[in-house]
1. Mind giving me the FRET efficiency for Ala190 and Arg242? R0 is 25 Å, r the Cβ-Cβ distance, nearest 0.05 is fine.
2. Show me the ranking of peptides 52-60, 242-250 by mean Cβ neighbours inside 10 Å, starting with the highest.
3. Starting with the fewest neighbours, write out Val288, Val176, Val108 ranked by other beta-carbon atoms found within 10 Å of each beta-carbon.
4. Counting other C-beta atoms within 10 Å, which of Ile194, Ile277 has the fewest, and how do the rest follow?
5. Residue by residue through the stretch 209-215, what is 3J(HN,Hα) from phi via Karplus (6.51 cos²θ - 1.76 cosθ + 1.60, θ = phi - 60°)? Round to whole Hz and write x for glycine and proline.
6. Determine ³J(HN,Hα), in whole Hz, for all residues of the stretch 222-231 in sequence, where each value follows from phi through the Karplus function 6.51 cos²θ - 1.76 cosθ + 1.60 and θ = phi - 60°; x replaces Gly and Pro.
7. Explain nothing, just compute: Karplus ³J(HN,Hα) = 6.51 cos²θ - 1.76 cosθ + 1.60, θ = phi - 60°, for every residue of the stretch 188-203 in order, whole Hz, x for Gly and Pro.
8. Highest mean first, what order results for 215-221, 235-241 on Cβ atoms within 10 Å?
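Coordinate-derived values only; no laboratory data. Predicted model, so just to flag it, every value in this text is computed and none were measured. Every residue, glycine among them, receives a Cβ derived from its backbone with ideal geometry; neighbour counts consider all protein chains shown.
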Amino acid sequence: MVKPWKFKLREEKLSDQPGHALVGVVNMPAHTISPAKAIGRRVLFALLALLAVVFVVYLDRDGYRDANDDGVSLLDCFYYATVSLSTTGYGDIAPVSETARLVNILLVTPLRVLFLIVLIGTTLEVLTERSRQAFRIQNWRRTVRDHVVVIGFGTKGRSAVNALLAEEDTDPSQVVVVDTDRVSLDSASARGLITVHGSATRSDVLRVAGVQRARAVVVAPNRDDTAVLVTLTARELAPKARILASVREAENVHLLKQSGADQVVVSSETAGRLLGIATKTPRVVDMVEDLLTPETGLAIAERPVEPSEEGGSPRHLPDIVLGLVRDGALYRVDAPEADSLEAGDRLLYVRKVSVGEETVP
């Protein structure tokens, strides 16, 4: 009896692939120009190449022979440049002197190649852009550090990114979005974010996003079970990263905590509480929205305690202090632990958000 062959298949990991293999999976935002500007630029290059050939041929027109034997005029030079650069070459005007032939070898031929490159520029531009993307991906994977990975670019993911970009020290290139929806990724890329196409439940996809070197991971998928699996995978790859997760149901909070999430936000209950409050005191909801919107009005911020504030009470500060963080624990401003500020404390306070050069009063 012949035993069947056993084949050991090696799975190709995305994280092991070179940059050119990740083009289409990872997208680096690039500056784009309008089609009219791109076409105009190519036409300009073609005209410059044509005029350069006309100028060179006209200067050495005695070294060229016309089939009519009536000399080479300026119009003949334009004609020769046109048929030469387009590689048509009727042969009715040809270089006969050694100087003219040398000029054709050293100058006209390179210009002919440049002219052809302009004519087929669209195809070459696609190839060049792909090579450029591959180089940028490879360089980014080698240097990326302390970035934020956002899993899911739905409503919650977009809101998280908006809050991140509202911070003055957050650059769009330091935010990586992971999603399986191409439309969502295109939207993120249009905002200057780096995107990775794939399921975040796969550790290989998270490695490509650089989770192992990220400072924070925002888990905002549409399903709670997906959030649990993504959190487990991210925590395994990034033991020191801060993982912030969102779930729909409160009963799943303990699963996220056990999976390694540092903080869990229950979206359905939070929205429900705000709706309940709005039935009697709608202005309270407006104020909460103002505090949670970092772009305008008032916002909740965090800062370290200054040396001059140590030993004092947070109630006596000019800032409106809501609480303080000490040794990783949060204390409200009315807690006994918050009576005296200590070195290393961080204050949670209400700050005024600047609009342009002015500050909202």
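1. 0.35
2. 242-250, 52-60
3. So the ranking, lowest neighbour count to highest, is Val288, Val108, Val176.
4. With the fewest neighbours first, Ile194, Ile277 line up as Ile277, Ile194.
5. Each residue's phi maps through the Karplus curve to give 6, x, 4, 4, 10, 7, 8 Hz.
6. 8, 10, 5, 5, 5, 4, 5, 5, 5, 5
7. Each residue's phi maps through the Karplus curve to give 5, 5, 5, 8, x, 8, 7, 10, 10, 8, x, 7, 6, 6, 8, 4 Hz.
8. Descending packing order for the listed peptides: 215-221, 235-241.
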